[in-house]
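Written below as structure tokens is the structure these notes are about.
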Number of protein chains: 2
Amino acid sequence: MNKRGLLFVISGPAGSGKGTIVSRVRELAPFDFSVSATTRAPRPGEIDGVHYHYMTKDAFRAKIAAGEMFEYAEYVGNLYGTPKQAVEDALDAGKNIILEIDAQGAMQVKDKMPEAILIFILPPDYETLVARIRGRGTETEDVIAERMQKAHTELGYFERYDYVVVNETGGVEQAAENVIAILNAEKLRTYRNGEIQQKFFG
Amino acid sequence: MNKRGLLFVISGPAGSGKGTIVSRVRELAPFDFSVSATTRAPRPGEIDGVHYHYMTKDAFRAKIAAGEMFEYAEYVGNLYGTPKQAVEDALDAGKNIILEIDAQGAMQVKDKMPEAILIFILPPDYETLVARIRGRGTETEDVIAERMQKAHTELGYFERYDYVVVNETGGVEQAAENVIAILNAEKLRTYRNGEIQQKFFG
């Protein structure tokens with residue numbers, strides 16, 4: 001039987017740079033990533049089943065009703081969520097999974113699976129947060145205001161995360177290495193490795 | 001005011017290879033090491049104040065009586081211990097300290113300072129443990145028997161450690177990297193970094 005895998009949740013406010021960091025972690029580390037579902041339209045270059053499972057709102061709500069979403073959140077009019085069975089299957093198969101989801105989803109995961117390890121990504125300071133949210137330059141003022149409000153709400157969840165990684169300006173590589181250090185360290189917890197002790201007392 | 005440093009304790013049975021791993025960690029990572037005190041005679045090449053503070057048994061026992069030892073243990077007729085004030089001063093100055101001590105000492109530290117982070121180093125299996133203890137070839141059968149007994153006792157403390165790192169044959173570099181991942185990850189715990197959240201709500 002496989003040893004059950006670990007579930008890591010990475011989130012952070014818009015402007016934290018978490019997407020860039022998670023992409024770098026993907027390149028460097030042998031972890032599995034869960035593909036989220038969303039009702040938003042694909043952006044140019046995004047591929048169904050790779051970046052997201054794209055689905056209609058009706059289909060998404062049917063999955064929620066059937067208890068088939070591990071977590072979900074509504075954001076700027078669209079639904080985002082994690083199909084449950086895929087995560088459970090991967091963990092049972094011994095895979096270590098990273099979920100990149102928002103704080104609202106992270107809290108749902110922590111409630112359902114307290115052993116999940118939560119990592120919060122933050123920009124170096126408030127000014128950088130604001131500049132990064134505005135700097136993308138592709139959204140209306142309303143969307144920016146909504147993002148700022150959401151970022152503030154997410155920061156309130158700080159203490160419910162296990163780890164915090166600050167994404168310093170120009171420091172994506174360092175931030176990615178810090179995330180990988182957390183992933184590797186958590187695998188070494190004694191309470192997850194009781195079988196090692198048994199080898200000496202068998 | 002400096003943020004208080006972290007105290008890491010690394011131990012493992014004789015034959016675990018912890019000394020080699022800790023030496024490699026010293027080379028790679030910017031952590032401070034506490035110099036232990038001992039009543040055993042210096043081995044060739046060892047320097048007083050660098051490898052150990054060498055002292056007489058009377059002087060050592062006087063320090064225990066005065067409460068000036070953070071932890072101590074007797075082993076093969078000699079006393080080994082950690083002078084308390086040096087550790088407290090370093091932590092207050094914001095330094096992250098690594099103590100390489102035996103399991104008996106590690107338990108004393110955990111009792112006195114529950115926030116200490118304990119890392120247990122183990123060889124890959126029982127056969128390797130025995131071979132490594134015998135392989136040194138410099139001790140009598142009595143000393144070997146005492147080391148085996150002590151190793152067995154130490155393995156009983158497994159669950160009181162926070163992390164376990166297996167020193168696979170030929171895997172010192174990997175083991176050192178795992179230890180460094182733990183050191184780096186623990187610095188990122190949210191409950192030690194509340195001031196980061198404050199920057200966004202100040």
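The values are calculated or read from the model by the stated rules, or taken from the named source; none is laboratory data. No experiment lies behind these values; they were computed from the predicted model shown. A quick note on method: Cβ atoms are made from the backbone with ideal geometry, for glycine too, and the neighbour counts reach across all protein chains shown.
Does at least one position in the range A:16-35 carry a residue that is touching a Ser or Thr at 6+ places or on another chain (Cβ under 8 Å), modelled with pLDDT of 95 or more, in a loop (DSSP other than H, G, I, E, B) and surrounded by 15 or more Cβ atoms within 10 Å (Cβ to Cβ)? Step through it out loud before you land on a result.
Filtering the range A:16-35 for residues touching a Ser or Thr at 6+ places or on another chain (Cβ under 8 Å) gives A:18, A:34.
Filter once more, so that each one left must be modelled with pLDDT of 95 or more: none.
So far as the range A:16-35 goes, no, none of its residues is touching a Ser or Thr at 6+ places or on another chain (Cβ under 8 Å), modelled with pLDDT of 95 or more, in a loop (DSSP other than H, G, I, E, B) and surrounded by 15 or more Cβ atoms within 10 Å (Cβ to Cβ).
Of all residues in the range B:74-88, one or more are under 17 Å from B:F8 (Cβ atoms) and under 13 Å from the mean Cα position of the chain (by Cα).
I'd like to check something: does the range B:184-197 contain any residue that is of a type in the set (K, R) and within 8 Å of chain A (Cβ to nearest Cβ)? Looking for residues that are of a type in the set (K, R) and within 8 Å of chain A (Cβ to nearest Cβ), one finds at least one in the range B:184-197, hence yes.
Among the criteria (1) out of contact with any helix residue (DSSP H, G or I) (no Cβ under 7 Å at 6 or more places or on another chain); (2) in a loop (DSSP other than H, G, I, E, B), the one B:E195 does not fulfil is (2).
All of (1) under 13 Å from the mean Cα position of the chain (by Cα); (2) surrounded by fewer than 17 Cβ atoms within 10 Å (Cβ to Cβ) hold for A:F70 with one exception: (2).
Note on the range B:87-103: residues that are farther than 18 Å from B:V165 by Cα and buried (at least 16 other Cβ atoms within 10 Å of the Cβ) amount to 6. Scanning the range A:153-175 for residues that are in contact with a helix residue (DSSP H, G or I) (Cβ under 8 Å, 6 or more places away or on another chain), more than 7 Å from chain B (Cβ to nearest Cβ) and in a helix (DSSP H, G or I) yields a count of 6.
Please work out if B:E127 is free of Cβ contacts under 8 Å to residues at least 60 places away in the same chain, more than 12 Å from the chain's Cα centre (by Cα) and closer than 30 Å to A:E195 by Cβ. Please lay out each step first, then the result.
Values: free of Cβ contacts under 8 Å to residues at least 60 places away in the same chain: yes; more than 12 Å from the chain's Cα centre (by Cα): yes; closer than 30 Å to A:E195 by Cβ: yes.
Against the criterion (free of Cβ contacts under 8 Å to residues at least 60 places away in the same chain, more than 12 Å from the chain's Cα centre (by Cα) and closer than 30 Å to A:E195 by Cβ), B:E127 qualifies.
Annotation: B:L79 fulfils all but one of (1) surrounded by fewer than 19 Cβ atoms within 10 Å (Cβ to Cβ); (2) assigned to a strand (DSSP E or B); the unmet one is (1). When the range A:130-153 is filtered for residues that are β-branched (V, I, T) and buried (at least 19 other Cβ atoms within 10 Å of the Cβ), only A:I133 remains.
Scanning the range B:87-99 turns up no residue that is part of a helix (DSSP H, G or I) and polar (S, T, N, Q).
When only residues in the range A:78-103 that are polar (S, T, N, Q) and touching a residue at least 40 places away in the same chain (Cβ under 8 Å) count, which is farthest from A:P42 (Cα to Cα)? In this case the residue turns out to be A:N96. Residues in the range A:104-129 that are assigned to a helix (DSSP H, G or I), surrounded by 16 or more Cβ atoms within 10 Å (Cβ to Cβ) and of a type outside the set (S, T, Y): 8 in all.
Check B:A181, B:A116 and return the single one that is away from every other protein chain (no Cβ under 11 Å) and modelled with pLDDT of 95 or more.
On the way: B:A181 fails: away from every other protein chain (no Cβ under 11 Å).
None of the others qualify; the one that does is B:A116.
Each residue in the range B:36-53 was checked for being among the hydroxyl-bearing types (S, T, Y) and assigned to a loop (DSSP other than H, G, I, E, B), and 2 of them qualify.
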